[in-house]
1. Modelling each spin label as a point 7 Å along the Cα-to-Cβ direction, I'd like the residue C:96/residue A:2 distance in nm, to one decimal.
2. Obtain the nm distance between the two label points defined at residue C:125 and residue A:22 by a simple spin-label model: each point lies 7 Å from its Cα along the Cα-to-C-beta direction.
3. Counting only other chains, and only Cβ atoms inside 10 Å, what mean value do you get across the residues of C:81-94?
4. Quick check: from the Cα gyration tensor, does region B:2-118 come out rounded (a/c under 1.5), prolate or oblate?
5. Given contacts defined as C-alpha pairs under 8 Å and at least six residues apart, what's the relative contact order of region A:94-207, whole-number percent?
6. Other chains' Cβ within 10 Å of A:270-278 residues: what's the mean?
7. Please give the length that would be gained between residue B:8 and residue B:252 if that part of the chain were fully extended, namely 0.36 nm times their separation in residues minus their C-alpha to C-alpha distance (nm, one decimal).
8. Which FRET efficiency, nearest 0.05, do residue C:112 and residue C:72 yield, Cβ-Cβ r, R0 22 Å?
């Protein structure tokens, strides 16, 4: 597997400009001759489709939803980072670059992150121009707030709905291209496989979710903007349909999968209430700006929060990390909460939560101010838990939220398959082992609006294409393989529902490879996951036919992929014997229990290559060099 | 599991329909072991798990984020659009709202412009076509001036945000006695009309979007404000008034003509 | 000649509603004017008949009447068109369906009150407009008001008008784009006052029915209601 990241030469500040200059251009009149398939319509997909459409390419966008605007980017609450330095608090492209590399625990590629920081400012400019109603000051200029892991205010936001507003912005830009005739939206279609011709990605097989037909689409480049795979844990903050299937299909067709074990566990989620739980709801971590996180000092203290006197409360984040306090990065906050719960100091009926208390800030700022800032979150909390967060502390528990791992891509965002690009959360490139708050939206839009349109053009301009169409034998063959898999699922007619098997998988993943992992839990999980997979292939039941709107079949296909993918996830976690970012190996920690990196052995991206069914995947490594940022212990004390 | 302890039973009467244009009917199912902490959709999950195990076709129902922002879900529960909770999506409805033995009717959006695809799922793509007619600001990537180049009055920005909060679920159309999409369209037009960035093409936008809305066969506005009453994001009918105003100004004092439908550059 | 802007007034959903709103406001204004005229009945026969003579002496009266008729017909035409479309689009087939809190009795009954008002108007024309006026207008009107059946119908018409205007007046402002948290409460209040003013018609008729003007019996002219 060739893991040449093709990082352009020159000083880091000039790399992207130099590279854009060196990329081949496609003559405007020729662009309409190229067909680009964009899979997924979240921030990355919608923005890429919009920009590519504006340039004049023919773009098809595939979404499994009824509308592109439903993609899960819509649920991001907190905000989007940019190095504008409007608040004059010392921010710069360099500092955003630095913070992101450090926040990612030195497991990201410097050149990519620098480019991300550079582009961050253009994103804000463009989104304002698109009519995104960002928060503003009375003077009419944009407002910023600080966000987990940052000591300055560089986060732009639109109330608690920043993801929604940015997605609607990108979506509207894309709909303009729909009107212009350059983009067509193929809704209610799910990519089920990738089609290669002469070693290049030349199309996809998509399942029409209404008729159930497998449809062939040929193109010159395929952009996977299919998001992350946190649903491998069954319970996560992701939407029900978030999946790994498209990325997994690409992996099985030859794309390298990088760092699958890098998962972000978000600290401020609403704890689960029972076995019936279908998803976990995140509350913006901006809550940590005013809420104080604590547990009782005594184990098994069952008194209601209000009856626990101040002296018997342990504000454990403030105690352990005095410099950052409640604002430490997500991985650290999550692990600290887990440590308290493991000590038996968790609260609530299940003991699986910690308090997030607004008592002091209500006293200091007044309930009205708190309501104005977080009212929608308090309402949401009330609706789900039936508890009033103003009167009693909220209860929170960490939940899988974002996956830093993904398809390996080079500087051009191209995977190891020529013509197959991966954008946004679907790729691995920018967040290393841990993502900073408000950086996901930034990356999705940077990839889609600014990077892919340039690099996809460069690929098209420098590549000779043989004709390809959906009626080629390669398409029929791939579709045949998909159909065989579908037939096999339908023919089992066992006793277990896809959801039950998914829940089983999730339990294993969460218990053995969740916030903390060690060799023995991972090995245990590596035995259990194939067993569940076997159970799936002998016990699953899917009623109805495949030539129909069949949600159970959709779910079963996703679970089948998760069951294969989980094993790779576990292998990667086992292989990486160090702790870094969201990946915490209990064997690798400091005397105080903090994560300890092993830069000598693991300063690389672990890239896995498929070697065929039932065969061990091959591990390749892309070494990471840090020329501009000195590697240091990530300390927030 | 503690669920069983508090578990209660309800009967759900659900609309079953195999496909667009096929006949449909209400069918009753008993759901046991319902926990008050369950969401309404989790209760339907429970029903579906049971149906799948029996080899029956589960009820097709659309939902995704289950946190009230994606706009996928939408059901009429006991005659209430998005269920009995005010200004909320049905995914945020919890079973603690119901009692043991309740009979709950669950029906799809029944709107002429949203044909039923299957069971409780409808086709809302008409709203997409309204958006494509002008629900955007025409600016190419890379062409934008600095974000702070044009100050925006904070109150206008807040009002634009109020309008932009629309999640496109279609509840307004469903609640409307005339099946009108005025609140949806008015909200989008308002958002851009309130911002200086959206102003240059506001006249063309309102004429184009109105034309598309009418083409899709949505009803008229009788100003009864049922839409506002159910909107999960509390989008106000003042946005419809603003759309009307925009229309009158554009029609009588503007030079713009609507962009021709489906024009291919 | 670009007539697109005229076509848009007739052929778009908002355009038609604009016609309804504008004509509705005009008709509302006319009703207030008409009420003011009728209040002259309290002042007595001379004052009322003088006013009618003044009106009739205006050479433009036929034109004004035609204008009023046109406004009325436009209001009806737009209303019928909108209603047919709304009927076609109305949600159907629900086993259970509740209104969600936006509707009022006035808004839910617009069609019915419209039909009642139209029916009443025709009756009104037949009893007051297209009849022999030789006995004098004051006599004609007050005599009618002393007839129980007539007053019952008249009060019914006024009631329909109150309901119709309770929604229609404020709705017209919304349609014309006037909705602002500052003014809307006043618009709603004003609309209700205009609607409630229509009770005035009923009060006038009841005043005469109860013979509160103490008119001697032999001075009452017997009308035959057609």
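FYI, it's all coordinate maths here, none of it is from the lab. What you see is a predicted model; the values in this text were computed from it and never measured. Because the Cβ atoms are built from the backbone with ideal geometry, glycine has one as well, and the counts that use them run over all protein chains shown.
1. Label-label distance for residue C:96 and residue A:2, simple model: 6.5 nm.
2. 8.5 nm
3. 6
4. Oblate is the answer for region B:2-118, as a/c is 1.5 or above yet b/c matches or exceeds a/b.
5. Computed value for region A:94-207: 14 percent relative contact order.
6. On the way: counts 1, 0, 1, 9, 10, 6, 14, 6, 10.
Whole-number average of other-chain Cβ neighbours for A:270-278 is 6.
7. 81.7 nm
8. 0.75
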